[in-house]
Structure formats: structure tokens, C-alpha cells
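Remarks on the structure that follows.
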Amino acid sequence: MSKDMIVIGEDWGGLPSSTQHLIKSLKHDRKVIWVNSIGLRKPRINLGDLCRAASKVLNSFSSFAPAVKCEKDSSFRVVSPITIPVPHSRFARLIAKHLLKIQILRVSRQLKLVDPLLWISLPTGVDLIGSLGEDRVLYYCCDDFSSLNGVDHGAVQKRENELCNLADRIVVSSIFLKDKFSRDVALRHKVHYLPHGVDYTLFSTGVDRSNNLPSQDKLVAGFYGSISEWLDTELIEYLAERLPHWNFVFIGRIETDVTNLRRYNNIQFLGEKAHETLPTYSQHWDVSLLPFKLNDQIAACNPLKLREYLAAGRPVVTTDFAAVHEYKHVVNIAGTKEEFLSILSSSSYSHASKDVFQFSVKHQSWQAKAIELNAWMVST
């Protein structure tokens, strides 16, 4: 049986998250309301945040009218809500809850949702439990929110503790998170581990090389995703200096200081690219990179791009963190910067074939993950 759903997630669109991938696979035979991000971050006064806040407010006025229809699908709606991000006082939480409840229930009545499942990907959605006519609650967790930069850790941790106690199911994307929640005996029976899937068809189907990639007179190592503080910029500098015959290409929004990296002629930043165009890069560079720092955030993560890299059929060289161990037979794991350099210098990254890389993730589609998840959603 397919249950209608109300999803409290990040903003719909852009580079798709695991929540968006799963909902895209689940929404075809049910009614779904997607509620855009209700906030996790500490408020800051800067131009970027002011612009984002203004955009949210302008978009949210439509939430009191019929919600936006997505993909011409009348059974899938997106609500951009007016709310208070991470309210602290009891009064502020009541106001935020009331605002959200009005906006979501309006759309729920339009769609005639019946006993929906309430899916929460952000702990700040906990206050809505019990107010939307849901018959069960699923907490889908892909991050260790206590280690995310820019998050109001104290408030969000309290919300997450409340959410875990109230949720019927806790679905996590990494072994780290499974172990974290399972340490609480009262929660252990609720916790389910669901590794990320991959859009295998998109990343494995052959496409032409992007014109934006550097010329083929040098080897190319590539990365796509947020260029943030979790990237090991010291490692990248170390490699670029010692491997002048390599080009290091980075695709994505720059969210950290890369001044030192820009000093190197063989390091290039190509900006953000549409998700569907990423195979025109990842299928044609020589090596895919995961040059992450080892910190609490990375220890808990399970990056979507790892499986996408493998589906593209190119070798992967990565720093050492928990999520890559599942694929240690097909990826190159470097414990030190010297090991990383040695792997790239010796061409040992090419120890397997394209077919081997692709086969390692061929049966891990998002559709398969959604079928597994749906079984948990409808079970008691």
C-alpha cells in the first residue's frame, strides 16, 4: 500500500539530495507535499543571508495561495513556508508551528491527503508532529547535525533528541549514524540503515566530453560538489605543486577560501554545473577525487558522488573515511598525503577496469532503495 506523504526537507531543486532522489522514486503512486527548508542555521547578518531570506519571504507568500505544482504533477506540491528559523523560546516555537501548520494543512486539504506519513529530514520539523493528521513519522537522517558548520548545534541537538523519541522509524545513510543512534537502547529497534543509491543510467550512459574540461595534453583529476571547509586544501596544494603534469578541476559553489589554490596554474574552478551535465565531466577525466579532511562531519557522511563516480566508470582516489571502506576493493584509499601522491604518480589508480567500477554500483539504483524504504514505511 502506498501512503501519502508530507516531507520536511531542504529546498526542492538544484543539485538533488538523497531525500529528493528517494521522493522522486516514491511520488509516482501517492500524493506528496514537499515543505522547503525551515532552517537549521544560526541567523547571521550578511548580504548572502539577507538575500536568501528575502527570496524565501517572497516565495512564501504563495504558500497561502495554492502551492506550486511541480513537473506538471497535480499530486506533488512544493510549499515555500513563512516561518521562524530555529526558534528558541517556547512562544516562538508555538508561533512557528502555527504558521507552518496553517500553510501545510491548506495544501493537504486541497490534495485530500489521508493519514499521511510525515517524513522529516531536518530536526527542526519535530514541532509539527501530531498536528498534520499523520499516522506515523519517519526521521530520515544523512548528517551528524552536531558537527555541521553554521548550524545552531544546541537547539538542533535538542530537536533531534525529541524527534528520535517521537519517530516510528529512524532511517540513516551511514554506519556512523546507525551506530550513533543505536547506542541508545530505547531507539535501537527503530534504526534502519539505508545506504545511498545512484542514478546509474544518468552516470553510466556514454556522453560527449564537455568543452569546459582542460585540454587533453595533461592528465585530469576532478571533483564536483560544494567547495567547502571539509575539502583538504593543504592536500590539494601539495598535489598540485608536485604533479605539474596534472590538471585539478573543481566543479561547484565555492564556500571556503581558495586564495592559495588559485595560485596554481594547474588548479581550475569551473563553477556550478547542472546535475544532468556532470557525466560530461566525470566520464572523461582520468581520476575522480574525494580529497576530504577527516573530521566529525566527514566521518558521518556517505557522499552521493562516490557511487556516481563509480557509475561513470573512472578510477576514484580518496582520503580515508568510513563510507569508502565498503568500496575498498575498487577505490584507492590514501591514508596520508604522501600515499595520495604515490597513487597518482604511479598510475596505480588504474588497477581495475571501467566495467568493474560500474558493476560495483549497478544494482544500487534509487528505485531499488525506494522499494526497500517503502517496505519499512508501511510496516508497523
Enumerate the calculated ³J(HN,Hα) couplings along region 258-270 in order (Karplus 6.51 cos²θ - 1.76 cosθ + 1.60, θ = phi - 60°), each rounded to whole Hz, writing x wherever the residue is Gly or Pro. 10, 3, 5, 5, 5, 6, 9, 5, 9, 10, 10, 10, 9
With θ set to phi - 60° and the Karplus curve 6.51 cos²θ - 1.76 cosθ + 1.60, what are the ³J(HN,Hα) couplings of region 271-277 in order, to the nearest whole Hz, using x for Gly and Pro? x, 7, 10, 4, 4, 6, 8
When only alpha-carbon atoms count, how far does region 319-380 stretch along each of its three principal axes, as whole angstroms with the largest first? 52, 25, 13
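Could you give the length gained on full extension between GLN216 and ASP135, defined as 0.36 nm per residue of separation minus the Cα-Cα distance, in nm?
23.5 nm
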Histogram of C-alpha separations across region 221-346, 5 Å bin width, %: 2, 11, 23, 26, 24, 13, 2, 0
Of SER288, ALA322, PRO244, which is farthest towards the positive pole of region 185-327's charge dipole, taken about the Cα centre with +1 and -1 on the beta-carbons of Lys, Arg and Asp, Glu respectively? ALA322
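Taking 0.36 nm per intervening residue step and subtracting the Cα-Cα distance, what contour gain separates ASN165 from ARG262 on full extension? Mind dumping the intermediate values first?
Numbers: separation 97, 0.36 × 97 = 34.92 nm, distance 4.72 nm.
That works out to 30.2 nm of additional length.
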In sequence order, what are the phi-derived ³J(HN,Hα) couplings for region 131-138 according to the Karplus relation 6.51 cos²θ - 1.76 cosθ + 1.60 with θ = phi - 60°, rounded to whole Hz, with x for glycine and proline? 10, 10, x, 6, 10, 7, 10, 10
Given H placed 1.01 Å from N in the peptide plane, which residues other than close sequence neighbours of CYS141 have an amide H under 5 Å from its amide H? VAL171, VAL172, SER173
Pulled fully out, how much extra length does the chain show between HIS351 and LEU94, if you take 0.36 nm times their separation in residues and subtract their Cα-Cα distance? 86.8 nm
Take ASN149 and ARG242, extend 7 Å from each Cα along the Cα→Cβ direction, and tell me the distance between the two endpoints in nm. 2.5 nm
Name the residues whose placed amide hydrogens come within less than 5 Å of the amide hydrogen of ALA334, ignoring near sequence neighbours (fewer than 5 apart) on the same chain. THR318, THR319, ASP320
Computed P(r) (all Cα pairs; region 151-269; 10 Å bins; percent): 10, 26, 23, 22, 15, 3
Given 20 Å bins starting at zero, what is the percent of C-alpha pairs of the chain in each, up to the one with the largest pair distance? 27, 56, 17, 0
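Only the coordinates and a few stated rules stand behind these numbers; no lab work does. In this text, all values refer to a predicted model and were calculated from it rather than measured experimentally. Every residue, glycine as well, gets a Cβ built from its backbone with ideal geometry; the counts of neighbours run over all protein chains shown.
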